[in-house]
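The structure under discussion appears below in the form of structure tokens.
The values are calculated or read from the model by the stated rules, or taken from the named source; none is laboratory data. Note that the coordinates shown come from a computational prediction; the quantities given were computed from them, not determined experimentally. Please note: Cβ atoms are built from the backbone with ideal geometry, for glycine as well, and neighbour counts cover all protein chains shown.
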Amino acid sequence: MSLKYRVLYLLARCYWRIFQPLTLGVKVMLIENESIWLVQHSYQPGWFLPGGGVKRNELLETAVRREAEEELGAELGDVHLFGVYTNASQHKNDHVVVFACHSFTVGQADKGEIRAVQQFPLRQLPTDVSRGTQRRIEEYLADRSQAKADIW
């Protein structure tokens, strides 16, 4: 794991524990041919949906496009809202807006933040996929037709 990103991540966790901030993030499910693209970060173990924080005054769609480009070198076509989730882990009040995209191109990942990018069959995910990512994929496979609000 990248020492720089690991230290920054640990400092952020200390900040979250002390100040318990309200945060807003975006994630994207990049799905094609019954497969999904996932990322491994350099600062924590496991596989995750690509995404990250929303900047001040940034539109959610702009944020998800920026994060996809930063983390996977991806250019997204049409995106649609999949759900809005609340995550109270790590001592913060985090809200995650998940989008789904079926039309995209994947380029080169950010080698500092992202350790690995890989496409997995939707029904054959790695054993170390994050719980939130696992739940979103299960919801997708259940053919949920409307966006929902729930716990991450």
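Per-residue answers, yes or no, for (1) surrounded by 15 or more Cβ atoms within 10 Å (Cβ to Cβ); (2) touching a strand residue (DSSP E or B) at 6+ places or on another chain (Cβ under 9 Å); (3) under 23 Å from TYR140 (Cα atoms):
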| position | (1), (2), (3) |
| --- | --- |
| SER2 | yes, yes, no |
| ILE36 | yes, yes, yes |
| LEU59 | no, no, no |
| ARG65 | yes, yes, yes |
| GLU70 | yes, yes, no |
| GLY73 | yes, yes, no |
| VAL97 | yes, yes, yes |
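Can you name the residue in segment 113-135 that is surrounded by 11 or more Cβ atoms within 10 Å (Cβ to Cβ) and part of a loop (DSSP other than H, G, I, E, B) and, of all such residues, is nearest to the chain's Cα centre (by Cα)? So, considering only residues that are surrounded by 11 or more Cβ atoms within 10 Å (Cβ to Cβ) and part of a loop (DSSP other than H, G, I, E, B), the one nearest to the chain's Cα centre (by Cα) is SER130.
Look at segment 13-48 and say how many of its residues are over 17 Å from TRP152 (Cβ atoms) and either in contact with a Lys or Arg (Cβ under 7 Å, 6 or more places away or on another chain) or at pLDDT below 90 (or both). Matching residues across segment 13-48 total 8. Before we move on, is GLN146 on the phi < 0 side of the Ramachandran plot, part of a loop (DSSP other than H, G, I, E, B) and out of contact with any helix residue (DSSP H, G or I) (no Cβ under 9 Å at 6 or more places or on another chain)? Taking the combined requirement at face value, the residue satisfies it. Within segment 30-58, residues that are within 18 Å of GLU69 (Cβ to Cβ) reach partners that are among the acidic types (Asp, Glu) with beta carbons closer than 7 Å, at six or more positions or on different chains, in the pairs VAL39/GLU71; HIS41/GLU113; SER42/GLU113; PRO50/GLU67; PRO50/GLU71; GLY51/GLU67; GLY52/GLU67.
Scanning segment 56-108 for residues that are in contact with a Gly (Cβ under 6 Å, 6 or more places away or on another chain) and either within 28 Å of ARG6 (Cβ to Cβ) or of a type in the set (Lys, Arg) (or both) yields a total of 6.
The residues of segment 18-50 that are β-branched (Val, Ile, Thr), assigned to a strand (DSSP E or B) and farther than 20 Å from GLN134 by Cβ amount to a single one, THR23.
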